[in-house]
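Participant: Got a structure here, written out as structure tokens. Questions coming.
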């Protein structure tokens with residue numbers, strides 16, 4: 001009887017610690033979002049999202065952060081498109097052309113995991129070095145290329161996981177009808193797995209748009225909206241970072257606003273991709 | 001693949017043969033392209049490695065490795081490059097962050113995989129994913145607004161007056177921009193990451209183990225402790241190691257709250273200057289000082305190597321535990 005109560009006690013202590021942990025994690029999330037909304041919402045005015053910085057903006061005068069919003073969208077869209085160009089064939093290659101369990105596939109996947117783990121500041125320093133070697137200045141193009149490098153492993157590995165779920169029967173049926181592998185890849189596998197692949201691309205986009213360390217030296221920062229690939233480009237994470245380091249409360253308030261906008265964009269993408277992913281599992285053959 | 005199965009009419013045969021030949025040509029070209037492109041990730045990795053090594057070579061040739069790694073003084077303008085303050089800063093911040101994050105993360109993962117009802121699990125998992133999706137500058141902003149003032153105004157004076165006689169807890173830094181602030185922010189950032197891996201690892205234990213253990217009268221905690229934990233311990237450790245390597249490379253959030261002071265910290269309430277912050281703060285303006293650029297790329301190389309070792313070790317363990325690659 002005594003032993004039983006000890007077991008019960010242990011059980012409830014363990015469970016108690018788990019509830020505390022869970023409370024800490026969800027509490028931290030709530031705290032972060034609440035801080036962001038309370039501090040950021042008052043700064044969200046129409047001029048904030050519709051204007052570029054005017055004269056004296058960094059002293060707290062007129063203007064907004066349209067340059068950073070547009071810049072971030074350009075950078076993340078460009079990076080995602082460029083990464084997509086390589087991710088799609090590579091992930092198809094890993095699943096259609098190379099046997100899933102082949103040694104080569106294992107090596108490539110391990111390298112991708114390694115690339116995923118490389119801190120984005122290292123990509124940033126690498127990108128900057130290459131940029132200087134090519135005689136380029138900090139520009140939209142350099143930022144896009146560096147972001148694509150950051151996003152590439154994330155995108156390929158996610159697409160790889162998606163393609164792994166491809167129902168084998170359908171693929172085999174296509175081969176049985178005499179289709180070649182490339183025909184099967186583009187006419188059978190791609191349409192079947194499209195929502196999952198879109199989700200993977202959006203995941204990488206979300207990661208890219210929030211990344212500051214990689215664009216810090218490569219994309220630069222400017223008050224204008226870039227008109228060519230060679231222009232320097234502002235981004236939302238850096239807008240938060242730079243404005244926060246200014247000594248004026250009005251400017252710091254805009255940093256909170258910029259952070260709120262960035263978070264809203266990232267969360268929207270996250271929710272949208274989740275929604276798309278849930279549509280796949282409903283319609284696809286499993 | 002056998003494409004001879006179809007039997008075209010004799011008149012169509014030449015046209016059909018042409019189409020077939022062109023399809024096969026496309027297939028051969030695609031095969032070369034798709035297989036060849038899988039070389040691309042390896043190429044990227046090698047290029048990064050080679051470029052970083054080549055660009056940090058000047059400083060590696062002029063100074064001894066021990067001077068660089070264990071030198072305590074950082075004065076680029078005088079040509080003195082001691083990395084120890086930055087390595088120590090990184091170790092402190094990462095170490096404390098993991099001490100805070102690992103137990104919480106693993107307990108959460110145990111709860112989600114062993115205790116939670118499906119309804120609870122499907123509500124909490126997306127919340128944790130949201131936490132993982134928040135950009136690092138936002139974490140940094142939260143740190144500046146919430147954690148730094150708390151450490152500076154409440155925690156540090158309180159600890160100083162009650163436990164100030166202990167080493168590591170003395171406070172000479174009233175600002176709150178400190179190792180502890182960096183570690184707290186970092187802990188919150190890596191928690192969702194460690195939870196996700198630990199959860200995946202816990203799910204690999206077959207249902208039968210739970211059922212057998214519960215059937216002989218074990219409580220759920222006993223099942224976790226004596227049946228599941230021994231099976232997943234190495235996987236959980238690997239998850240924590242991946243968390244460490246993630247934390248080690250995190251730049252912006254830490255940079256914003258850690259104080260960036262290139263001295264070897266003596267207390268968790270001191271400011272520190274981790275490696276990624278060193279690169280981020282000084283890169284771009286290092287051109288005028290000789291060797292500065294090589295020193296900074298050298299620290300990027302150091303960062304890469306440390307993270308690489310952690311990742312490879314963890315991935316090998318995880319592959320053994322889960323039977324597939326890390327996810």
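Participant: Could you say which residue among A:255, A:213 is more than 17 Å from residue A:131 (Cα to Cα), at the interface with chain B (Cβ under 9 Å from one of its Cβ atoms) and in contact (Cβ under 8 Å) with a residue 12 or more places away in the chain?
Facilitator: After applying the criteria, what remains is A:255.
Participant: Give the residue, chosen from A:276, A:264, A:269, that is assigned by TED's automatic domain parsing to the domain that holds residue A:124, out of contact with any helix residue (DSSP H, G or I) (no Cβ under 8 Å at 6 or more places or on another chain), within 22 Å of residue A:151 (Cα to Cα) and part of a helix (DSSP H, G or I).
Facilitator: Every option except A:264 fails the conditions.
Participant: Within the range B:272-287, is even one residue part of a loop (DSSP other than H, G, I, E, B) and either modelled with pLDDT of 90 or more or more than 12 Å from every other protein chain (Cβ to nearest Cβ) (or both)?
Facilitator: Pass one, the range B:272-287, residues part of a loop (DSSP other than H, G, I, E, B): B:273-274, B:283-287.
Among the residues that remain, those that are also either modelled with pLDDT of 90 or more or more than 12 Å from every other protein chain (Cβ to nearest Cβ) (or both) are: B:273-274.
Checked against the condition, which is being part of a loop (DSSP other than H, G, I, E, B) and either modelled with pLDDT of 90 or more or more than 12 Å from every other protein chain (Cβ to nearest Cβ) (or both), the range B:272-287 yields at least one hit.
Participant: Run down B:227, B:205 and say which single residue is surrounded by fewer than 24 Cβ atoms within 10 Å (Cβ to Cβ), assigned to a loop (DSSP other than H, G, I, E, B) and either in contact with a helix residue (DSSP H, G or I) (Cβ under 6 Å, 6 or more places away or on another chain) or not assigned by TED's automatic domain parsing to the domain that holds residue B:114 (or both).
Facilitator: Result of the check over B:227, B:205: B:205.
Participant: Could you identify the single residue in B:313, B:242, B:296, B:308 that is in a helix (DSSP H, G or I), surrounded by fewer than 19 Cβ atoms within 10 Å (Cβ to Cβ), modelled with pLDDT of 85 or more and within 8 Å of another protein chain (Cβ to nearest Cβ)?
Facilitator: The conditions single out B:308.
Participant: Could we say that residue B:89 is in contact with a strand residue (DSSP E or B) (Cβ under 7 Å, 6 or more places away or on another chain) and without any contact (Cβ under 8 Å) to a residue 60 or more places away in the chain here?
Facilitator: Taking the combined requirement at face value, the residue does not satisfy it.
Participant: Given the structure, is residue A:217 assigned to a helix (DSSP H, G or I), out of contact with any helix residue (DSSP H, G or I) (no Cβ under 6 Å at 6 or more places or on another chain) and over 30 Å from residue A:99 (Cα atoms)?
Facilitator: Spelling it out, it is not the case that residue A:217 is assigned to a helix (DSSP H, G or I), out of contact with any helix residue (DSSP H, G or I) (no Cβ under 6 Å at 6 or more places or on another chain) and over 30 Å from residue A:99 (Cα atoms).
Participant: Could you check the range A:156-188 and list, in sequence order, the residues that are within 11 Å of chain B (Cβ to nearest Cβ) and over 20 Å from residue B:30 (Cβ atoms)?
Facilitator: Passing the criteria: A:157, A:158, A:161, A:164.
Participant: Could I ask something else about it? Which condition from (1) under 25 Å from residue B:126 (Cβ atoms); (2) without any contact (Cβ under 8 Å) to a residue 12 or more places away in the chain; (3) touching a helix residue (DSSP H, G or I) at 6+ places or on another chain (Cβ under 8 Å) is the one that residue A:80 breaks?
Facilitator: Against the list (1) under 25 Å from residue B:126 (Cβ atoms); (2) without any contact (Cβ under 8 Å) to a residue 12 or more places away in the chain; (3) touching a helix residue (DSSP H, G or I) at 6+ places or on another chain (Cβ under 8 Å), residue A:80 comes up short only on (2).
Participant: Restricting to the range B:30-46, count the residues that are more than 7 Å from every other protein chain (Cβ to nearest Cβ), closer than 13 Å to residue A:111 by Cα and part of a helix (DSSP H, G or I).
Facilitator: Residues that pass the stated criteria total 2.
Quick grid of which residues meet (1) part of a helix (DSSP H, G or I); (2) more than 22 Å from residue B:35 (Cα to Cα); (3) at pLDDT 90 or above:
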| position | (1), (2), (3) |
| --- | --- |
| A:152 | yes, no, yes |
| A:160 | yes, no, yes |
| A:175 | yes, no, yes |
| A:193 | yes, no, no |
| A:222 | no, yes, no |
| A:240 | yes, yes, yes |
| A:243 | yes, yes, no |
| A:247 | no, yes, no |
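Participant: Moving to a separate point now. Restricting the range A:34-52 to residues that are without any contact (Cβ under 8 Å) to a residue 60 or more places away in the chain and in a helix (DSSP H, G or I), which is surrounded by the most Cβ atoms within 10 Å (Cβ to Cβ)?
Facilitator: A:35
Participant: Against the conditions (1) more than 21 Å from residue B:258 (Cα to Cα); (2) in contact (Cβ under 8 Å) with a residue 12 or more places away in the chain; (3) within 14 Å of chain A (Cβ to nearest Cβ), where does residue B:188 fall short? Just the number, please.
Facilitator: (1)
Participant: Hey, another quick one. Among the residues of the range B:64-98, which ones are away from chain A (no Cβ under 14 Å), under 21 Å from residue B:257 (Cβ atoms) and assigned to a helix (DSSP H, G or I)? Let's see the steps before the verdict.
Facilitator: The first filter runs over the range B:64-98 and keeps only residues away from chain A (no Cβ under 14 Å), leaving B:64-85, B:87-89, B:91-92, B:95-96, B:98.
Keeping just the survivors that are under 21 Å from residue B:257 (Cβ atoms) gives B:74, B:85, B:87-89, B:91-92, B:95-96, B:98.
Hits for the range B:64-98 are B:85, B:87, B:88, B:89, B:91, B:92, B:95, B:96, B:98.
Participant: Would it be correct to say that residue B:128 is touching a residue at least 40 places away in the same chain (Cβ under 8 Å) and under 30 Å from residue A:235 (Cβ atoms)?
Facilitator: yes
Participant: Please indicate, with yes or no, whether at least one residue in the range A:230-237 is without any contact (Cβ under 8 Å) to a residue 24 or more places away in the chain and assigned by TED's automatic domain parsing to the domain that holds residue A:65.
Facilitator: no
Participant: Now for a different question. Consider the range A:91-138. How many of its residues are in contact with a helix residue (DSSP H, G or I) (Cβ under 8 Å, 6 or more places away or on another chain), farther than 30 Å from residue B:274 by Cβ and either more than 9 Å from every other protein chain (Cβ to nearest Cβ) or assigned to a loop (DSSP other than H, G, I, E, B) (or both)?
Facilitator: So the count comes out to 5.
Yes/no matrix, rows are residues, columns are (1) within 19 Å of residue A:97 (Cβ to Cβ); (2) crowded, with 20+ Cβ neighbours inside 10 Å:
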| residue | (1), (2) |
| --- | --- |
| A:173 | yes, no |
| A:176 | yes, no |
| A:182 | yes, yes |
| A:185 | yes, yes |
| A:189 | yes, yes |
| A:205 | no, yes |
| A:209 | no, yes |
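Participant: Just one of the numbered conditions (1) part of a loop (DSSP other than H, G, I, E, B); (2) touching a residue at least 40 places away in the same chain (Cβ under 8 Å); (3) within 30 Å of residue A:152 (Cα to Cα) is not true of residue A:74; which one?
Facilitator: (1)
Participant: Could you list, in sequence order, all residues of the range B:100-147 that are over 25 Å from residue A:40 (Cβ atoms), facing chain A (nearest Cβ under 7 Å) and crowded, with 20+ Cβ neighbours inside 10 Å?
Facilitator: Scanning the range B:100-147 gives B:104, B:107, B:108, B:110, B:111.
Participant: So which of A:64, A:135 ends up being without any contact (Cβ under 8 Å) to a residue 12 or more places away in the chain and either over 21 Å from residue A:204 (Cβ atoms) or touching a strand residue (DSSP E or B) at 6+ places or on another chain (Cβ under 9 Å) (or both)? Talk me through it step by step, then tell me what you get.
Facilitator: Working: A:64 fails: without any contact (Cβ under 8 Å) to a residue 12 or more places away in the chain.
Only one candidate passes the filter, namely A:135.
The values are calculated or read from the model by the stated rules, or taken from the named source; none is laboratory data. None of the values given here were measured: they were computed from a predicted structure. Ideal geometry is used to build each Cβ from the backbone, glycine not excepted, and the neighbour counts take in all protein chains shown.
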